[in-house]
Amino acid sequence: MADELEALYHSTYTSVVRFLYRRVWDLDRAQDLAQEVFVRAMAHRPEKPRAWVFAVAANLARDEARAAMRRKKHLTLLANDPIVMPASEPDAQEMVEQDERVASVHRALDELTPRDREVLLLWDAGLSYPEIAAQTDLAVGAVGTTLARARKRLVAVHERLTAGHMDDAAHS
Amino acid sequence: MRHIPEAELHAYLDQALSRAQAVEIESHLAGCASCRAERDAIAGLRDRTTALLATLAPRAPLARPSWSELRRRHQVETARRANLLRGAVWAASLIGAISLGYSAHSWRDAVEAANAPPPGVTMPIQTVATATPPRPAQHAPVRTVASRRPVQGIEVDTLDTAPSGPSGGVWRSESLERALAAGLTVPRVAGLPVLQIQVQEASSPLVAVDQQLTSGEMVRTIEGPASEMVLLDRSAVASTGPEGAGASTVSMRSGNRMLLMTARIPADSLRALLARIKTQ
């Protein structure tokens, strides 16, 4: 049991952090929460540890988002943050472009419905259809439908955002 | 011929279908150019989504604590929850240590002390010890009061500001009932009135209990993790009087737990009291 959890920790810690990071947008916080998930797993000894770990991670992320909403700090888009650009940094331009890419994906993801977003992120974190279904109360057959919608919407919104951005750049 | 629904193509590409379902779809695809085109479009969409989400990966390197570090955290949390149980284990180990670790002399003291005088009879604890002559009455003016109720006017130092340094937490007062309800180990001498209980949160809590002897003297018992106890400021330990003058201190360790008692009474008497300690 303990060995199984430890193996799971080594194989999925990164996925769990990435999953959480895309929900809370704070790497330190995402790591704290991911570690909390595994500490809880040790106490809880779930039967299906992998699904359990992501279910708890999703719950923690939801609680976190609610708390952040209350603090009115949520959805501070990266695009609105001043970008610190050291003059001597040769990769500065590349970094700016990278930041803008991230910001547009971030915003596109935010435009999905909460359920579509969760299903997409769980899929991306490596969960199977049955695992996603169990966690989101969807029928297994509905996972494909949800993923189809989420993927289309993410790509469409992202294209709209980056097209708009290129127009802005052309006008300035 | 019916075409394959979009969601099913997603599920097919995600390898979420049974072998039979996949075979069915593949046989349809073999004869349907329109569904093949749709499949390719969805495969592209799928790859694009994965690529977009990949840009959202945290760029800073991850801090991944070792599994043993997480285990340790888990153990600390479990220990907190199992405070009651730990108290029982501690009491058992304490009894073992006392019966092994002290001389027959101390043990006799303990027996005498345990056979405490009935209420109403003055029997200061000092008389138990023969090594130290009784101190002048003015040091303990309430000594002649034969009462088990707390004596009015007795000095009780609060520990609020005393400890400092690495363990410099804040002491808070607790009632006995609340401390016990919270599952804290409350080390105390059975049968003596408790004047106050103070708690400091550390890696596991430190608990300080002040009690009054029939002589009027105050005895302070502190129990906690040894690593925290050794960092305690002297004044937290020996604050039973001005600079703790004349105070004796006895302490014992059991694993990482430490128990310390201090009072302005001879060390032998204190050891006798230690034998009567209750941690539950």
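No value in this document is a laboratory result; all are computed from the given coordinates. Keep in mind it's a predicted model, so treat the numbers as computed, not measured. All Cβ positions, glycine included, derive from the backbone under ideal geometry; neighbour counts span all protein chains shown.
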Amide proton proximity set for B:SER248, modelled H, under 5 Å, gap of 5+
B:ALA263, B:ARG264, B:ILE265
Can you figure out the FRET efficiency of B:ALA43 with B:GLU77, using R₀ = 51 Å and their beta-carbon distance, to the nearest 0.05?
0.65
Quick check: net charge around B:GLN196, other residues with Cβ under 9 Å of its Cβ, Lys/Arg +1 and Asp/Glu -1?
-2
Shielding of B:63-74 by partner chains, average beta-carbon count, 10 Å:
5
If I stretch the segment between A:THR14 and A:ARG115 completely, what's the gain in nm (0.36 nm per residue apart, minus their alpha carbon distance), one decimal?
34.1 nm
What number comes out for the charge environment of A:ASP3, summing +1 per Lys or Arg and -1 per Asp or Glu over other residues with Cβ under 13 Å away?
0
Using label points projected 7 Å from each Cα along Cα→Cβ, tell me how many nm separate B:ALA22 and A:ALA65, to one decimal.
3.2 nm
Using packing as a proxy for protection, rank A:21-34, B:62-75 so that the peptide with the highest average count of other Cβ atoms within 10 Å comes first.
A:21-34, B:62-75
Each residue of B:213-222 has, on average, a number of other protein chain C-beta atoms within 10 Å of its C-beta equal to 0
